[in-house]
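Readers should treat all values here as calculations from the given coordinates under stated rules, not as data from a laboratory. Given the structure is predicted, the values throughout are model-derived calculations rather than measurements. So basically every Cβ, Gly included, is an ideal-geometry build from the backbone, and we count neighbours across all protein chains shown.
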Amino acid sequence: MTESMMGAVISPVGGTYKPGSTGMPATDIEIRIVDAETGQVELPKKEIGEITMRCPQIMLGYYQHPPRQPIPYGKVGSSPVTGILDEDGYLFIVDRKKDVIKPGGFQVWPREVEEVIASTRGG
C-alpha cells in the first residue's frame, strides 16, 4: 500500500475487534472489492476480489520519472492483493493477486523478501 503514502485502514477506537481484519477505511478513503480478472465490477460484501482504493493522497507517479505505464488510479500497490469487506466495512486481506514483483526488470518473490525480514527480527 505504499502508493497510498500512509495508513489507509485503521482499527476504530471502541470498535469491534475482528481477528484477521486490517481495520476500516480511514477518513476520506474509499475501499472497494472488485472482480480480480477485470478490475471493473464491484463485488458484494464477503466476496473475495481485488482490493482497490480511492483517496486524496494516492500517488500519481514517481518524482521526475514518468511511469512506463501509468499507475492505475485506485489500485492498491503495484502487485494487487485480494481481500473481502465484511458487512460492517472491515477489510480482510486474503492473498496476493500476483506472486512476483518486477522492480527495475528483476524478478522478486515477496515470500523471499518476507523470509529475509523475518530472519533479521529477533535473531
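Karplus-derived 3J(HN,Hα) values for segment 45-56, using 6.51 cos²θ - 1.76 cosθ + 1.60 with θ = phi - 60°, are 3, 6, 10, 6, x, 6, 7, 10, 8, 9, 7, x Hz; glycine and proline are entered as x. Remark: for residue pairs K18/K45; K18/K97; K46/K102, the C-alpha separation exceeds 25 Å in K46/K102.
Using the Cβ-Cβ distance between E114 and K18 with R0 = 22 Å, the FRET efficiency computed as 1/(1 + (r/R0)^6) comes to roughly 0.40. In this structure the amide hydrogen of V94, modeled in the peptide plane, comes within under 5 Å of the amide hydrogens of T82, G83, I84, none closer than 5 places in sequence on its chain.
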